[in-house]
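Reviewing the structure listed below.
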Amino acid sequence: EEARVQEYLDFAIDLAKEAGAIIKTAVESRMAGTGSNIELKKENPTDLVTETDKAVEQHIKERLSKTYPKHKFIGEETFASGTQSEFTHEPTWIVDPIDGTTNFIHGYPFVAVSIGLTINRIPTVGVVFNPLLNELYSAAKGKGAYLNSTQRLPLFNPPQPLDNLSGCLIATEAGSDRSKPVIDAKIAAIHDMLQKKSDAKPFAAEAHSVRTTGSAALNLCNVAKGIIDVYWEVGCWEWDVAAAIVIVTESGGLVVEGDNDKTNYEPVNIFCRKYLAIRAAQDEESQVKIASQMKDLIPTID
Ligand code: LIP
């Protein structure tokens, strides 16, 4: 299987472009007043699904099952409809038809299709395509990460040094779980990212600032580009991150579990639903230092 990685990458790029065309047409026709209205599909008002999410996932699933009938499939909408897939050593495509569905609904242009492939349970191929900004990120294990297949990531060459969390631009997300303990914990962490150190707050970072794009996949791609230094999110799913984790790792970035355990800087388990990513730097030591400064101020949220 590993010998076929280039073929899988090329296929995933084609598929992402097809899916992206469906997404772009849906947004443009709504903007022109010719598209059908958004039909929301979920009960939870902060976790949205539209007809387009379903149509795109259906398209990707059909193309994959025709081309690679033996491969396994894990997709956001397939999961939402009650199908649980076991994660095995077989090649497994992990797909989010629209990452950033809330943005899609509002026309805010951070929307992407995310197509990842694991082989022997290892994230091996990743393609994330934002059709509204025409940015396609791709990577395969051992082959580097690229923007639009030509620009090697990170964009900064060599990457800027990573000295301290106080110099960092941090991405994070509100997420769809709006229960009070979760939102309070996330806001407290953002507070500590932004405010000055004091006796009461020795871990406060006074970071350059905080950003949220509304798409886990695109936040990770921004880390791969090197334009976001740190990304932390709790609550998103494997289909939001499976592809982009390959892209970050191949750009020289680090992705570890997004909790406050300072003994663990191992490559993240893609199913753990809490992620901390650090962009490429000259040395791994400085990446671990930034990760450890983040772990001083983020809570462990289960
Ligand atoms: C979204 C993520 C976003 C996160 C949301 C949601 P969706 O994915 O990418 O970062 O905060 O909770 O999971 O639902 O648009 O595919």
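The numbers here are math on the coordinates, done by the rules we state, and not lab data. Everything numeric in this text was worked out from a predicted model, so none of it was measured. Methodologically, a virtual Cβ is constructed for each residue, glycine included, from the backbone with ideal geometry; neighbour enumeration extends over all protein chains shown.
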Legend entry - Pair-distance profile P(r), taking every C-alpha pair of the chain, with 10 angstrom steps and integer %: 6, 29, 35, 22, 6, 1, 0
Inset, instruction - Calculate, in nm to one decimal, what Leu155 and Leu40 gain on full extension: separation in residues at 0.36 nm each, minus their alpha carbon distance. - result: 37.7 nm
Inset, instruction - Report the normalised scattering of the stretch 76-161 as log10 I(q)/I(0) at q = 0.18 Å⁻¹, calculated by the Debye formula with identical scatterers on the alpha carbons. - result: -0.92
Inset, instruction - Mind listing the long-range amide H neighbours of Val49? Cut-off is under 5 Å, sequence gap 5 or more, other chains count too, H placed in the peptide plane at 1.01 Å from N. - result: Lys41, Lys42
Inset, instruction - Treat every Asp and Glu Cβ in the chain as -1 and every Lys and Arg Cβ as +1, leave all other atoms uncharged, and give the resulting dipole magnitude about the Cα centre to the nearest 20 debye. - result: 360
Inset, instruction - List every residue whose amide H lies under 5 Å from the amide H of Gly75, counting only residues 5 or more places away in sequence or on a different chain, with H placed 1.01 Å from N in the peptide plane. - result: Val95
Legend entry - Acute angle (nearest 10 degrees) that the helix 51-67 long axis makes with the longest principal axis of the chain, alpha-carbon atoms: 70
Inset, instruction - Find the Cα radius of gyration of the stretch 161-239, compare it with 2.2 N^0.38 Å by division, and give the number to two decimals. - result: 1.13
Inset, instruction - Would you mind checking which residues have amide H under 5 Å from Leu132's amide H? H placed 1.01 Å from N; only 5 or more apart, or other chain. - result: Val111
Legend entry - For the stretch 2-152, size of Cβ-based charge dipole, Lys and Arg +1, Asp and Glu -1, in debye: 400
Inset, instruction - Check cross-link reach from Lys66 to the aspartates and glutamates: straight Cα distance under 18 Å, and skip same-chain residues fewer than eight apart. - result: Glu1, Glu7, Asp10, Asp14, Glu18, Glu57, Glu90
Legend entry - Mean residue ellipticity (222 nm) of the chain, computed from DSSP H runs ≥ 4 via -39,500 (n - 2.57), nearest 500: -11500 deg cm²/dmol
Inset, instruction - Specify whether the C-alpha gyration tensor of the stretch 197-261 places it in the rounded, prolate or oblate class, a ≥ b ≥ c being the square roots of the eigenvalues: rounded for a/c under 1.5, otherwise prolate if a/b is larger than b/c and oblate if not. - result: prolate
Legend entry - Antiparallel bridges, percent of DSSP beta bridges restricted to the stretch 166-302 (to nearest 5): 60
Legend entry - Between helix 5-31 and the chain: long-axis angle, C-alpha atoms, 0 to 90°, nearest 10: 90
Legend entry - Percent of beta bridges antiparallel (DSSP, the chain, rounded to nearest 5): 75
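Starting from the Kirkwood radius over alpha-carbon pairs of the stretch 165-297, derive D by Stokes-Einstein at 25 °C in a medium of 0.890 mPa s and give it in µm² s⁻¹.
Numbers: Rh = 14.6 Å.
Diffusion coefficient, whole number: 169 µm²/s.
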Legend entry - Cα pair count fraction exceeding 20 Å, expressed as % - the stretch 13-120: 40
Legend entry - Using alpha-carbon coordinates, inclination of helix 180-194 to the longest axis of the chain, degrees: 60
Inset, instruction - May I ask you to evaluate 6.51 cos²θ - 1.76 cosθ + 1.60, the Karplus curve with θ = phi - 60°, for each residue of the stretch 266-272 and list the ³J(HN,Hα) values in order in whole Hz, giving x for glycine and proline? - result: 6, x, 5, 7, 5, 8, 7
Inset, instruction - Could you check the simple spin-label distance between Ser65 and Arg211, using points 7 Å along Cα→Cβ, in nm with one decimal? - result: 3.9
